[in-house]
Amino acid sequence: MKNVFIINPVAGIRKYERYIPWIKEYFKNSDDYEIHITKYQGHATEIASQYTKEDNACVYSIGGDGTAYEVLNGINDGVTMAVVPNGTGDDFHRTVYKKKFDYKEMLINTIEGQVKMIDYGQANDHRFLNMFCIGFDAMIGEAAIAHTNRKFFPNSLSYVVAVIQKVVSLPKFELTLNYNGKSASKETLFLAVLNGQYYGGGFNPTPEADITDGIFEVLWVDTIMRRQIPKLILKYAKGKHKEISQIESFRLDSFNVTTKGSMTYTCDGEIFTSDNINIIMHKNKLPFKIPKGSVLYDSVTE
């Protein structure tokens with residue numbers, strides 16, 4: 001198998017250079033690898049799109065969730081994908097691998113991992129591995145991007161600061177959810193659609209999510225008073241949303257959301273706007289390399 005490593009030099013913790021000698025050391029007796037350093041936004045998508053199923057390639061995303069988003073949106077059907085963490089949140093990787101790890105060891109464990117078919121989602125033309133969100137959380141993500149990679153400002157705090165900023169100007173909007181032949185509308189703070197279990201740099205609102213079951217975990221949050229936000233965030237971050245009356249939860253595969261006026265939404269941290277979004281589950285459509293040590297790896301028959 002050809003191993004294609006796509007490295008984002010500006011993602012998260014930025015120590016991307018260390019991966020290059022690690023990769024070369026691992027493949028010192030083989031030439032079945034390529035290393036690509038991205039040069040601009042969208043470059044990872046372009047690189048990933050060059051490989052087809054006939055190439056028998058595994059395309060590795062080395063960066064954060066945004067890098068994985070780019071690779072997913074370029075990868076062709078039947079091409080294997082892998083994620084090696086080097087970002088700020090690495091939220092999708094948290095679902096795949098829950099234990100503490102050494103970065104070099106994680107690289108090797110991923111190269112030597114096993115391929116399993118997993119799910120991914122799509123919102124209009126945008127594929128996502130981990131999450132879709134519209135409203136408050138998407139606006140937080142947009143604000144967090146503005147803080148990321150600022151000099152003397154740790155990226156790990158970008159999401160927290162963005163939360164504080166957006167609480168001051170608490171948004172609300174009318175959203176209609178069309179699903180299973182039904183339609184429901186209400187004033188909304190945000191709607192989150194999870195394929196994975198984590199987002200926002202470690203928030204774990206859907207610990208029961210399974211990236212192989214073909215179902216999204218959908219959380220629809222009503223507008224609330226500003227003073228209720230701290231309690232909501234604390235419970236939401238720990239997956240205790242069922243204790244909050246302002247949150248409805250659904251398990252859906254494909255559905256539609258519409259809003260009165262264009263709204264900010266995010267797919268794996270990338271920001272877009274629309275007033276009509278079709279969300280589709282692609283069940284078991286992505287060949288994905290599971291690293292050794294993952295619970296998912298253990299469930300694969302050798």
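First measure r as the distance between the Cβ atoms of Ser183 and Ile271, then evaluate 1/(1 + (r/R0)^6) with R0 = 41 Å and state the FRET efficiency to the nearest 0.05.
Values: r = 27 Å, r/R0 = 0.66.
Efficiency for this residue pair is about 0.95.
Looking at the square roots a ≥ b ≥ c of the eigenvalues of the Cα gyration tensor of the stretch 64-142, which shape do they give, rounded for a/c under 1.5, prolate if a/b is larger than b/c, or oblate?
On the way: a/c = 2.30, a/b = 1.33, b/c = 1.73.
Cα axes put the stretch 64-142 in the oblate bin.
Multiplying the sequence separation of Phe101 and Ile37 by 0.36 nm and subtracting their Cα-Cα distance, what value in nm do you get? Provide the component values of the computation, followed by the final result.
Numbers: separation 64, 0.36 × 64 = 23.04 nm, distance 2.36 nm.
Difference between extended and current length: 20.7 nm.
Using 1/(1 + (r/R0)^6) with R0 = 30 angstrom and r between the beta carbons of Arg18 and Asp298, what's the FRET efficiency to the nearest 0.05?
Details: r = 28 Å, r/R0 = 0.93.
That gives a FRET efficiency of 0.60.
Could you tell me the calculated FRET efficiency between Asn56 and Ser249, based on Cβ-Cβ distance and R0 = 30 angstrom, to the nearest 0.05?
Values: r = 41 Å, r/R0 = 1.36.
After rounding, the FRET efficiency stands at 0.15.
In debye, nearest 20, what is the charge dipole magnitude of the chain about its Cα centre with +1 on Lys and Arg Cβ and -1 on Asp and Glu Cβ, if you could check? Walk me through the intermediate numbers first.
Working: 34 positive and 35 negative charges, 225 e Å.
My answer is approximately 1080 debye.
Rank the residues His282, His241, His93 as a footprinting-exposure proxy: fewest other Cβ atoms within 10 Å of their Cβ go first. Working shown, then result.
Values: His282 16, His241 20, His93 27.
Starting with the residue having the fewest Cβ neighbours, the order is His282, His241, His93.
Hey, what number do you get for the chain at 222 nm if only DSSP H runs of n ≥ 4 count, each worth -39500 (n - 2.57), divided across all residues, to the nearest 500?
On the way: 9 runs with 73 residues, N = 302.
Result for the chain: -6500 deg cm²/dmol, rounded to the nearest 500.
Kindly provide the GluC sites (Glu not before Pro) of the stretch 79-148 that DSSP labels as loop, not H, G, I, E or B, and whose Cβ sees at most 13 other Cβ atoms within 10 Å. Mind showing how you got there, number by number?
On the way: sites: Glu105, Glu112, Glu142; in loops: Glu112.
Loop-located and lightly packed - Glu112.
How large is the charge dipole for the stretch 14-142, taken about the Cα centre, if only the Cβ atoms of Lys, Arg (+1) and Asp, Glu (-1) carry charge, to the nearest 20 debye?
Values: 14 positive and 20 negative charges, 103 e Å.
That gives a dipole near 500 debye.
What are the extents of the Cα atoms of the stretch 25-78 along their three principal axes, listed from largest to smallest and rounded to whole Å?
33, 25, 16
I'd like the Kirkwood hydrodynamic radius of the chain, using the inverse of the mean 1/r over distinct C-alpha pairs, in Å.
On the way: mean 1/r = 0.0508 Å⁻¹.
Radius from the Kirkwood sum: 19.7 Å.
For the stretch 218-259 and the stretch 98-129, write down the distance between their C-alpha centroids in whole Å.
Taking the Cα centre of the stretch 98-129 as reference, the centre of the stretch 218-259 is 26 Å away.
Every read-out reported here was derived from the displayed coordinates using simple, explicitly stated rules and does not represent laboratory data. A quick note: this is a predicted structure, and the numbers were derived from the prediction, not measured. Glycine also receives a Cβ, built like all others from the backbone with ideal geometry; neighbour counts cover every protein chain displayed.
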